[in-house]
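K.L.:
Let me begin by handing over the structure; questions about it come next.
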Amino acid sequence: YEWRRLSRAATIVAVLTSPALFFVFYVGNGWSVPVALIVTAVAVIAFRGLVDVIANRLIPKPNLYGAGRELLEEDVISRRRTWYWRTRYRRLLWLALAFFAITLLLNLVLKISGVHASLFGTWGAFAPLFVQFLPQMLMLMLQLPLFFLFNFLIFFGPLLFFGIKQMKGYEPGDADWGVKLSDVRGQAEPKMEVTRVISLWQSGDEFEKSGGKRERGLLFLGAPGTGKTMLSKAIATSFNCPFVTMPGSGFAQTFIGMDVVVVMFLISKARRLARKWGGQCIVFIDEIDAVGMRRQALGGGGMPAPVGGHSGGPETAHDHLFYGPSGALNPSGDLILETRAWRERLFRERAAGSTEAYPPAIGRLRDRIQGFMFPGMGGGLALNQILVQMDGVDEPPFTKKFFTNRVNTFLDATYVVPQKIGSMRLRLKPPRPRDEQIYFIGATNVPIEMLDPALIRPGRMGRHIWFRTPTKDDRKDIFDLYLKKVDHQDDLDTDRRRDELARITNGYSPAMIEQVCSMALTFAHSEGRVEFGWPDIVEAMTTIETGTAVGIEYIPAETRAVAIHEAGHAAAGHVFMKGVLSTRLSIRMRAGSLGHHQAIEKDERFSAWRSEQMARLIWTLGAMAAEEVFYGENSTGVGGDVHSATALAALMVGTWAMGPERIDLEGRFAQREEEDEEREKLMERFEAIGLQIMNRFSGGGGPFGSDPIAGVLGDATKRRSVGRLLGQAYVTAHTLIEHNRDKVERIAEVLMERKEMHGDEVVEVLDSVHLEKPDIDLLDDRTWPKL
């Protein structure tokens, strides 16, 4: 209250002395009445402001704790007035000091030149000179900013241009990539979720009236090729809303701060389109991990995303045995088991790699230079600016906010303009938030843990939509889409063929399925046919998977040996791997492998039993057993199989607690001691065979150079268990081939005739020979193979 009294006293003093000041200006200086009145009013207000500035310095600020609303509002006005006049007097003081210093300098120059002039006459002495050089000075003042602007554009312009060039804006009607929401197949749940959210973006007024709040951003997560970008194109085509796209790598700039400029351009473009098209715009940032990786404590740069390897969940053989682009179980690339885990790993391996826009060596050099020149400032500016823009899209426009604040502050500082007269408000209303709404969609291939938490929290990209790798039903749905677009024979439209196509294309992305259909038509047209059939699409699949077949004719003996090898795999897998179907059997050389046997699990599985892992071990060693049965020795082609089988057996022993089977000898011996003694002898025979198999592959690397396999094989006890497992599997495979020798040979003969078989064709051949699962008598020496 003392403060308020002091303010009133200052106002009274200023008003009472104002007539005297007016007469000084009007009578003493001879000014006109309007000018004298204006200057007097300004002087009174300035004096009133000076008192507030001095009082604010000398008197402690009032304590308004518990004050009423009216008193608080009055305090806000008082503080605003004080800030206004303090700023003006501070600037006036600096201007006066600068003016005085320049005057002294000019007066000194005059004295040195021999011209005698008083301090107050200095400017008069220089007046003719100023008039003479005034045009040149004005021109210089204009040229210098232009010089710096043009140099800035020449230096940074090209770098900035290429960043902004990657920014694409599409207005409704422009964005037509031929992709509609109905064309996005195999991702029903993500498509439904996106449709629901974007519908609320466009017409969610009733939703907000009911108290809801629209989502600000979406994040698409999934392996490469699962349809994230395709769905974004469908959004741009199907929704009547402008759409701006930007790759995450487009924010990478050479100089610090340029990435912020790119972000500002992006937001400005989105707001401009939103204003034009009803106030809404969608911004899609593909590969957002390039800019949104988790920030470190003292600088930029996120942790690299793991490509391949184990990624949580139950560990599988594919976490350790994954070779080549097709994810073979062995280094020779001829043995492929298609499971859910295999498909997930295959899609992860197709990731583009590092999101760094520069080669690794150049990127490291750039980081060192930036760390030396700008310590602690690397990498996070673009992300920081994106986060700021996501939070600030609802704020009022900067110019309106600045103008309103300045006008209202000036009116408060005049002391004479009240806040309102009656019901009429005499201040500008605070500007409303922007009408345009910008929604963000990001897409990434990396795990969500690798992204910055500030980016993916609620209120930003808080809605996470996961894209799965295409299952069998998904692939069938995708084939239905793409086969409609190309000319093909009617046979491919039957349910049997569509189901077969979906089964033998496990691991295919939608883009790969589209490429298969197009390539099959290419094969047909190259032979003068307007429609393609089953042989064409099969050839297209094998070409995409393992490359064009190498035109090499094996010598007859080697052709038979390769066919026996692959027939051994196929026979062992067909008999022992329940719930698995063969999808390809080939002796055509592709991608360096002489032949192939490929199989797929009938159902999506997340775990496996010991019997199933044992069956895969028998399948892997089936080719080696076939060579021993037919030739009495094995070829170099079993090296990859031995490698894979040893690693799988080590995983069974050391990771999954799946040791060797207990041999059932119940009722074969009168004494329990004799039975146990014979059982141990048999286990030692298994171990001897298994160790022989293991020793055929020596050397480090591969699975033998990584835990847990290296640890298992380095432990004597566990190594014995691995040997016994391998021995049991090999004896089983050998007995099977020996028992079905004629039938395995028939499979090989059919394979030599056809060279390559796919899908139902393979299953029909294997079924037709009627393979039998033999009874194994381990006490019969004829059961044991001679290695």
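K.L.:
Are any residues in the stretch 237-264 part of a helix (DSSP H, G or I), hydrophobic (A, V, I, L, M, F, W, C) and either open to solvent by 10 Å² or more (accessible area, probe 1.4 Å) or under 18 Å from Met192 (Cβ atoms) (or both), and if so, which ones?
P.N.:
Matches in the stretch 237-264: Met258, Val260, Val261, Met264.
K.L.:
Looking at Leu617, Leu585 in this structure, which one is in contact (Cβ under 8 Å) with a residue 40 or more places away in the chain and in contact with a strand residue (DSSP E or B) (Cβ under 8 Å, 6 or more places away or on another chain)?
P.N.:
None of the others qualify; the one that does is Leu585.
K.L.:
Right, something else. Modelled with pLDDT of 90 or more and under 52 Å from the mean Cα position of the chain (by Cα): is that true of Thr87 in this structure?
P.N.:
When the stated conditions are applied, Thr87 passes them.
K.L.:
Could you list, in sequence order, all residues of the stretch 729-762 that are free of Cβ contacts under 8 Å to residues at least 40 places away in the same chain and either among the aromatic types (Phe, Trp, Tyr) or in contact with a Pro (Cβ under 6 Å, 6 or more places away or on another chain) (or both)?
P.N.:
His739
K.L.:
Please tell me if Pro359 is open to solvent by 30 Å² or more (accessible area, probe 1.4 Å), at pLDDT 80 or above and either closer than 25 Å to Val638 by Cβ or out of contact with any Phe, Trp or Tyr (no Cβ under 8 Å at 6 or more places or on another chain) (or both).
P.N.:
Answer is no for this residue.
K.L.:
When the residues of the stretch 265-290 are filtered to those that are assigned to a loop (DSSP other than H, G, I, E, B) and modelled with pLDDT under 85, which remaining residue is most open to solvent (accessible area, probe 1.4 Å)?
P.N.:
For the stretch 265-290, the residue satisfying everything is Trp277.
For every residue, the table says whether it meets (1) touching a Pro at 6+ places or on another chain (Cβ under 8 Å); (2) within 30 Å of Arg343 (Cα to Cα).
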{"site": "Leu581", "(1), (2)": "no, yes"}
{"site": "Glu604", "(1), (2)": "no, yes"}
{"site": "Ser607", "(1), (2)": "yes, yes"}
{"site": "Thr620", "(1), (2)": "no, yes"}
{"site": "Ser635", "(1), (2)": "no, no"}
{"site": "Gly640", "(1), (2)": "yes, yes"}
{"site": "Arg672", "(1), (2)": "no, no"}
{"site": "Asp676", "(1), (2)": "no, no"}
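K.L.:
Go through the stretch 398-427 and count every residue that is within 52 Å of the chain's Cα centre (by Cα), in contact (Cβ under 8 Å) with a residue 60 or more places away in the chain and open to solvent by 40 Å² or more (accessible area, probe 1.4 Å).
P.N.:
Of the residues in the stretch 398-427, 1 are within 52 Å of the chain's Cα centre (by Cα), in contact (Cβ under 8 Å) with a residue 60 or more places away in the chain and open to solvent by 40 Å² or more (accessible area, probe 1.4 Å).
K.L.:
Going residue by residue through the stretch 525-545, is there one that turns out to be polar (S, T, N, Q), open to solvent by 10 Å² or more (accessible area, probe 1.4 Å), outside any loop (DSSP other than H, G, I, E, B) and at pLDDT 90 or above? I'd like the intermediate steps shown before the answer.
P.N.:
Initially, the stretch 525-545 is screened for residues polar (S, T, N, Q), giving 526, 542-543.
So of that shortlist, the ones also open to solvent by 10 Å² or more (accessible area, probe 1.4 Å) come out as 526, 543.
If we keep only those that are outside any loop (DSSP other than H, G, I, E, B) as well, we get 526, 543.
In the following step, the residues that additionally are at pLDDT 90 or above were identified as 526.
Scanning the stretch 525-545 turns up at least one residue that is polar (S, T, N, Q), open to solvent by 10 Å² or more (accessible area, probe 1.4 Å), outside any loop (DSSP other than H, G, I, E, B) and at pLDDT 90 or above.
K.L.:
Okay, next question. Identify all residues within the stretch 501-522 that are surrounded by fewer than 22 Cβ atoms within 10 Å (Cβ to Cβ), more than 27 Å from the chain's Cα centre (by Cα) and modelled with pLDDT of 90 or more; write none if there are none.
P.N.:
Ser518, Met519, Leu521, Thr522
K.L.:
Only residues that are over 21 Å from Asp473 (Cα atoms), among the acidic types (Asp, Glu) and surrounded by fewer than 23 Cβ atoms within 10 Å (Cβ to Cβ): list them for the stretch 313-352, please.
P.N.:
Glu315, Asp319, Glu349
K.L.:
Then there's this: Of the residues Gly157, Gly114, only one is in a helix (DSSP H, G or I), open to solvent by less than 90 Å² (accessible area, probe 1.4 Å) and at pLDDT below 80; which?
P.N.:
Gly157
K.L.:
Where the second residue is polar (S, T, N, Q) and open to solvent by 60 Å² or more (accessible area, probe 1.4 Å) and the first is in contact (Cβ under 8 Å) with a residue 12 or more places away in the chain and lies in the stretch 763-787, which pairs have Cβ atoms under 9 Å and are six or more apart or on separate chains?
P.N.:
Every condition considered, the pairs that remain are Leu787/Gln692.
K.L.:
So, in the stretch 645-664, how many residues would count as being at pLDDT 90 or above and open to solvent by 40 Å² or more (accessible area, probe 1.4 Å)?
P.N.:
0
K.L.:
Let me spell it out: the conditions are (1) of a type outside the set (Asp, Glu); (2) at pLDDT 85 or above; (3) out of contact with any strand residue (DSSP E or B) (no Cβ under 9 Å at 6 or more places or on another chain), and Ser354 meets all of them except one. Which number is the exception?
P.N.:
All conditions are met except number (2).
K.L.:
Condition (residue is at pLDDT below 85, open to solvent by less than 10 Å² (accessible area, probe 1.4 Å) and part of a loop (DSSP other than H, G, I, E, B)) applied to the stretch 210-222: is it met by at least one residue?
P.N.:
no
K.L.:
Keeping to the stretch 160-209, report how many residues are among the basic types (Lys, Arg), within 22 Å of Gln280 (Cα to Cα) and either at pLDDT 80 or above or open to solvent by less than 50 Å² (accessible area, probe 1.4 Å) (or both). Don't jump to the end; show me each part of the working.
P.N.:
Filtering the stretch 160-209 down to residues among the basic types (Lys, Arg) leaves 165, 168, 180, 185, 191, 196, 209.
Still in the list and also within 22 Å of Gln280 (Cα to Cα): 168, 180, 191, 196, 209.
Among the residues that remain, those that are also either at pLDDT 80 or above or open to solvent by less than 50 Å² (accessible area, probe 1.4 Å) (or both) are: 168, 191, 196.
Here the count works out to 3.
K.L.:
In the stretch 422-452, which residues are aliphatic (A, V, I, L, M), in a loop (DSSP other than H, G, I, E, B) and closer than 17 Å to Phe467 by Cα? Steps first, answer last, please.
P.N.:
To start, the set of residues in the stretch 422-452 that are aliphatic (A, V, I, L, M) comprises 424, 426, 428, 438, 441, 443, 446, 448, 450-451.
Right, trim to in a loop (DSSP other than H, G, I, E, B) and you get 426, 428, 446.
Within the stretch 422-452, just Val446 meets the criteria.
K.L.:
Quick one: in the stretch 223-236, which of the residues that are of a type in the set (Gly, Ala, Ser) and assigned to a helix (DSSP H, G or I) is nearest to Asp289 (Cα to Cα)?
P.N.:
Our first condition is that a residue be of a type in the set (Gly, Ala, Ser); within the stretch 223-236, this holds for 223, 225, 227, 232, 234, 236.
Now restrict to residues that are assigned to a helix (DSSP H, G or I): 232, 234, 236.
Values: Ser232: 17, Ala234: 22, Ala236: 22 Å.
Taking the candidates together, the pick is Ser232.
K.L.:
Exactly one condition in (1) open to solvent by less than 50 Å² (accessible area, probe 1.4 Å); (2) of a type in the set (Val, Ile, Thr); (3) over 30 Å from Val197 (Cβ atoms); (4) touching a residue at least 12 places away in the same chain (Cβ under 8 Å) is false for Ile448; which is it?
P.N.:
(3)
K.L.:
Could you tell me which of the residues Val575, Val629, Val642 is surrounded by fewer than 24 Cβ atoms within 10 Å (Cβ to Cβ), out of contact with any Cys (no Cβ under 9 Å at 6 or more places or on another chain), under 16 Å from Val765 (Cβ atoms) and β-branched (Val, Ile, Thr)?
P.N.:
One residue alone meets the criteria, Val575.
K.L.:
Return yes when Val731 is at pLDDT 85 or above and in contact with a helix residue (DSSP H, G or I) (Cβ under 8 Å, 6 or more places away or on another chain) and no when it is not. Explain how you work it out, then say what you get.
P.N.:
Numbers: at pLDDT 85 or above: yes; in contact with a helix residue (DSSP H, G or I) (Cβ under 8 Å, 6 or more places away or on another chain): yes.
The answer is yes for Val731.
K.L.:
Which numbered condition in (1) surrounded by 18 or more Cβ atoms within 10 Å (Cβ to Cβ); (2) of a type in the set (Asp, Glu); (3) under 19 Å from Ala623 (Cα atoms) is the only one that Glu761 fails?
P.N.:
Looking at each condition in turn, Glu761 falls short on (3).
K.L.:
Now, a different point. Listed residues Glu558, Glu604, Glu612; which is surrounded by fewer than 24 Cβ atoms within 10 Å (Cβ to Cβ), assigned to a helix (DSSP H, G or I) and under 37 Å from the mean Cα position of the chain (by Cα)?
P.N.:
Glu612
K.L.:
Please identify the pairs in which a residue from the stretch 123-141 that is in a helix (DSSP H, G or I) has its Cβ atom under 8 Å from the Cβ atom of a residue that is open to solvent by less than 90 Å² (accessible area, probe 1.4 Å) and of a type in the set (Val, Ile, Thr), counting only partners at least 6 apart or on another chain.
P.N.:
Taking only residues 6 or more apart or on different chains, the pairs are Trp123/Thr103; Ala125/Val115.
K.L.:
Just to check your reading of the model, which residue among Leu58, Leu37, Leu71 is at pLDDT 90 or above and open to solvent by 40 Å² or more (accessible area, probe 1.4 Å)?
P.N.:
Every option except Leu37 fails the conditions.
The values are calculated or read from the model by the stated rules, or taken from the named source; none is laboratory data. It should be emphasised that the depicted structure is a prediction, and the values quoted were computed from it without experimental measurement. Counting neighbours? That spans all protein chains shown, and the Cβs are built from the backbone with ideal geometry, glycine included. Heavy atoms of the whole protein, side chains included, go into the accessibility calculation; ligands, DNA and RNA do not. Shrake-Rupley method; radii C 1.70, N 1.55, O 1.52, S 1.80 Å.
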